[in-house]
Amino acid sequence: MTDTATPLNSTIARVTDRIRERSKGMRDDYLARIGEAASKGVARAHLTCGNQAHAYAAMGDAKEALAAGRAPNVGIVTAYNDMLSAHQPYETFPQLIKKAAAEAGATAQVAGGVPAMCDGVTQGQPGMELSLFSRDVIALASGVALSHNTFDAAIYLGVCDKIVPGLIMAAATFGHIPAIFLPAGPMTSGLPNDEKSRIRNLYATGEVGREELMKAEMASYHGPGTCTFYGTANTNQMLMEFMGLHLPGASFVNPNTPLREALTIAGAKRAAEITALGNDYRPAGEILDERAFVNGLVGLMATGGSTNLVLHLPAMAKAAGIALDLEDFDDISDVVPLMAKVYPNGLADVNHFHAAGGLQFMIRELLKEGLMHGDAKTVAGDGMARYAQEPKLIDGKLTWEDGAEESLNDKILRPASSGFAKTGGLKQLNGNLGRGVIKISAVAEEHRVVEAKARIFKDQSEVKDAFTRGEFTEDTIVVVRFQGPKANGMPELHSLTPVLSVLQQRGLKVALVTDGRMSGASGKVPAAIHVSPEAANGGPLAKLRDGDIVRLDAPKGELTCLSADLDTREAVVEDLSANHVGLGRELFEAFRNQVGPSTSGAAVVV
């Protein structure tokens, strides 16, 4: 198969052209900026002897090569910590990378570390209010790491929710140097995700105790690697492959295996090859073009990925001088079929998906149908056809072979021509309550339209308290407002999932409407999320009252309050002071004051 085998789908082409035209001024300025940086040549040549002595003082045998300035020097930006299962494997990566770089005639240094918090630990807790802002902190910390200006390429070690988007924002900002992302891989399969969900629902109704709940959770999250459901972390890994920043087939190889180690070594050597000192210069800013972001959007729809990427992709793109809009997500979703059923969209986990043919089968199919830019530039070479190949370790040697041409399990993975749904399942919402998004790939058709009385809450704990008191006895639109980025940092409301699921199981028509996030684990209950303008900015959600009839029509993309006097009402002003102190929240006041709207990425630094 060649990259030009099938003409590009007309909608994919139209959206790409629209993004290119919308972004022209920004992108031209960006390319001029990184071009000027690249034209100055190897950065170390412009440092004083004193500057360089400080940079190389602890480098031992590598000092001479660093001082000579003729060998590529690779900077490692790492999100390692051993509290996050997904990042714990990174402990051994720097030494492996340094050794591989030396074998390739290069040097490598750990440029710096970035924070990496776990949303799984902070779900429903005050710390979750720092979660989204941690993305921008990661971008800033990466900027500090690379500001020493001694690196010819950068290797980024990060996996989870805000880490990869923050690292991409930095990679784009330092777009004159090449960037390779090295994943750590998913943990091996544990307790099936549907069984974990069942126990959570039983706990929510008081049918099992905390001891049984803890046993189930520990059996689900049990070892090194990413969580195995298809949430934001694994969506990030898919995205890096679809955008050409991983080596082909690297995303879902388990940690601490010979193949994972071989891919890490190969990634380090490739980073040296694609520097300006090598023979295949591939600056990150050129890879991160309109085609890469459109391919990322295609991957998001085809896999049924996390709604969090609707926030992150516009911020990532803006750092590369590209403007994405919700209409781009919506239009691409309309023509890209849902090809995968991975929890919460199905019963399988990412290991099962990978075994069924995974991203290699999916990319092959999408290229065949003209639904991807096959000519996109990647760290592996020109064109996406390489990403239809999978890595194998044969007689100790890493090689790539053509991936599966047919799905090995059509309950998990299907061809583009006969997907689980004709569309990607992500819809833009518009109406007199603002703009937002909804993910419907896991929502049954009979639950996709809900028209009911609104019940207004200012946080998720109030919803859970009302549930415990037995107050939900009729069809209800649960509105949780003042959860946007300006209000309190836009925490995920994932802990509401069991409550809302139980109400749905009881036969009620129920939906969530919020200016907050629902997370990559959005599931069977319709959730209109990221509603903008947010309530803290006087948005329409702040004008809603208990008992208003709200209509959420996911197929039509409508989010409307049917009360005729909505526009003339005064917006409620909520006392948010309790959300602004404690557990470091006071440190982020400037972020809350400066943050942009969710429709453009809820960003602070871009």
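Scanning the range 393-430 for residues that are closer than 28 Å to residue 263 by Cβ and touching an Asp or Glu at 6+ places or on another chain (Cβ under 6 Å) gives 403, 415, 416. The set of residues from the range 465-505 being at pLDDT below 95 and of a type in the set (D, E, K, R) comprises just one member, 492.
Selection within the range 477-498: residues that are assigned to a loop (DSSP other than H, G, I, E, B) and among the small types (Gly, Ala, Ser). The member of this set that is nearest to residue 134 (Cα to Cα) is 489. Residue 321 meets each of the listed conditions (1) in a helix (DSSP H, G or I); (2) open to solvent by less than 60 Å² (accessible area, probe 1.4 Å) apart from (1). All told, residue 292 meets the bar of being part of a helix (DSSP H, G or I), over 22 Å from residue 417 (Cα atoms) and open to solvent by less than 10 Å² (accessible area, probe 1.4 Å). Checking the structure you have, find out if any residue of the range 18-26 is open to solvent by less than 50 Å² (accessible area, probe 1.4 Å), in a helix (DSSP H, G or I) and touching a helix residue (DSSP H, G or I) at 6+ places or on another chain (Cβ under 6 Å). Yes, the conditions are met somewhere in the range 18-26.
Restricting 427, 411 to those that are among the charged types (D, E, K, R), under 21 Å from residue 341 (Cα atoms), in contact (Cβ under 8 Å) with a residue 60 or more places away in the chain and surrounded by 23 or more Cβ atoms within 10 Å (Cβ to Cβ) reduces the list to 427. Among the residues of the range 87-111, what is the count of those that are in contact with a helix residue (DSSP H, G or I) (Cβ under 6 Å, 6 or more places away or on another chain) and either outside any helix (DSSP H, G or I) or of a type in the set (Gly, Ala, Ser) (or both)? Selection size over the range 87-111: 8.
Taken as a whole, the range 459-471 holds no residue that is closer than 30 Å to residue 298 by Cβ, of a type in the set (Phe, Trp, Tyr) and touching a residue at least 40 places away in the same chain (Cβ under 8 Å). Given the options 362, 372, 339, name the one that is modelled with pLDDT of 95 or more and over 27 Å from residue 227 (Cα atoms). Checking each option against the conditions leaves just 372. Looking across the range 112-124, just one residue is open to solvent by less than 20 Å² (accessible area, probe 1.4 Å) and more than 21 Å from residue 234 (Cα to Cα), and that is 112.
Within the range 366-382, if we keep just the residues that are under 23 Å from residue 417 (Cβ atoms) and either among the aromatic types (Phe, Trp, Tyr) or in contact with a Lys or Arg (Cβ under 8 Å, 6 or more places away or on another chain) (or both), the residue that is surrounded by the most Cβ atoms within 10 Å (Cβ to Cβ) turns out to be 373. Can you run down the residue pairs with Cβ atoms below 7 Å, 6 or more apart or on separate chains, where the first is in the range 345-366 and over 20 Å from residue 335 (Cα atoms) and in contact (Cβ under 8 Å) with a residue 12 or more places away in the chain and the partner is buried (at least 24 other Cβ atoms within 10 Å of the Cβ) and β-branched (Val, Ile, Thr)? Qualifying pairs under 7 Å: 348/342; 349/228; 349/342; 350/228; 350/342; 351/228; 353/342. Going residue by residue through the range 519-536, is there one that turns out to be at pLDDT below 95, polar (S, T, N, Q) and touching a His at 6+ places or on another chain (Cβ under 6 Å)? Scanning the range 519-536 turns up at least one residue that is at pLDDT below 95, polar (S, T, N, Q) and touching a His at 6+ places or on another chain (Cβ under 6 Å). Meeting the requirement of 3 or more residues that are more than 17 Å from residue 132 (Cα to Cα), open to solvent by less than 30 Å² (accessible area, probe 1.4 Å) and hydrophobic (A, V, I, L, M, F, W, C), the strands (runs of 3 or more DSSP E) wholly within the range 500-595 are 510-514. With a requirement of 2 or more residues that are in contact with a strand residue (DSSP E or B) (Cβ under 8 Å, 6 or more places away or on another chain), modelled with pLDDT of 90 or more and open to solvent by less than 40 Å² (accessible area, probe 1.4 Å), the helices (runs of 4 or more DSSP H) lying completely within the range 169-277 that satisfy it span 232-242, 258-273. Based on this model, can you work out whether residue 86 counts as closer than 22 Å to residue 278 by Cα and open to solvent by less than 20 Å² (accessible area, probe 1.4 Å)? In short, no. Among the residues of the range 304-313, those identified as under 11 Å from the mean Cα position of the chain (by Cα) and not aliphatic (A, V, I, L, M) are 305, 306, 307, 308, 312. The residues in the range 473-512 that are over 22 Å from the mean Cα position of the chain (by Cα) and among the hydroxyl-bearing types (Ser, Thr, Tyr) can be counted, and the count is 3. Of all residues in the range 326-375, those being among the small types (Gly, Ala, Ser) and assigned to a helix (DSSP H, G or I) number 3. Checked against the criterion of being touching a His at 6+ places or on another chain (Cβ under 7 Å) and either in a strand (DSSP E or B) or closer than 30 Å to residue 541 by Cα (or both), the range 418-440 has at least one qualifying residue. Taking the range 481-516 on its own, how many of its residues are farther than 18 Å from residue 553 by Cα and β-branched (Val, Ile, Thr)? Here the count works out to 3.
Quick grid of which residues meet (1) surrounded by 21 or more Cβ atoms within 10 Å (Cβ to Cβ); (2) more than 26 Å from the chain's Cα centre (by Cα):
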site	(1), (2)
438	yes, no
444	no, no
452	no, yes
462	no, yes
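I'd like the full set of residues that are among the small types (Gly, Ala, Ser) and open to solvent by 50 Å² or more (accessible area, probe 1.4 Å), limited to the range 384-408. Scanning the range 384-408 gives a single hit, 396.
Somewhere in the range 56-66, is a residue outside any helix (DSSP H, G or I), within 28 Å of residue 159 (Cβ to Cβ) and in contact (Cβ under 8 Å) with a residue 40 or more places away in the chain? Yes, some residue in the range 56-66 is outside any helix (DSSP H, G or I), within 28 Å of residue 159 (Cβ to Cβ) and in contact (Cβ under 8 Å) with a residue 40 or more places away in the chain. Among the candidates 138, 155, the residue that is assigned to a helix (DSSP H, G or I), open to solvent by less than 10 Å² (accessible area, probe 1.4 Å) and among the β-branched types (Val, Ile, Thr) is uniquely 138.
The values are calculated or read from the model by the stated rules, or taken from the named source; none is laboratory data. Model, not experiment: these values are computed from the prediction. Every residue, glycine among them, receives a Cβ derived from its backbone with ideal geometry; neighbour counts consider all protein chains shown. Heavy atoms of the whole protein, side chains included, go into the accessibility calculation; ligands, DNA and RNA do not. Shrake-Rupley method; radii C 1.70, N 1.55, O 1.52, S 1.80 Å.
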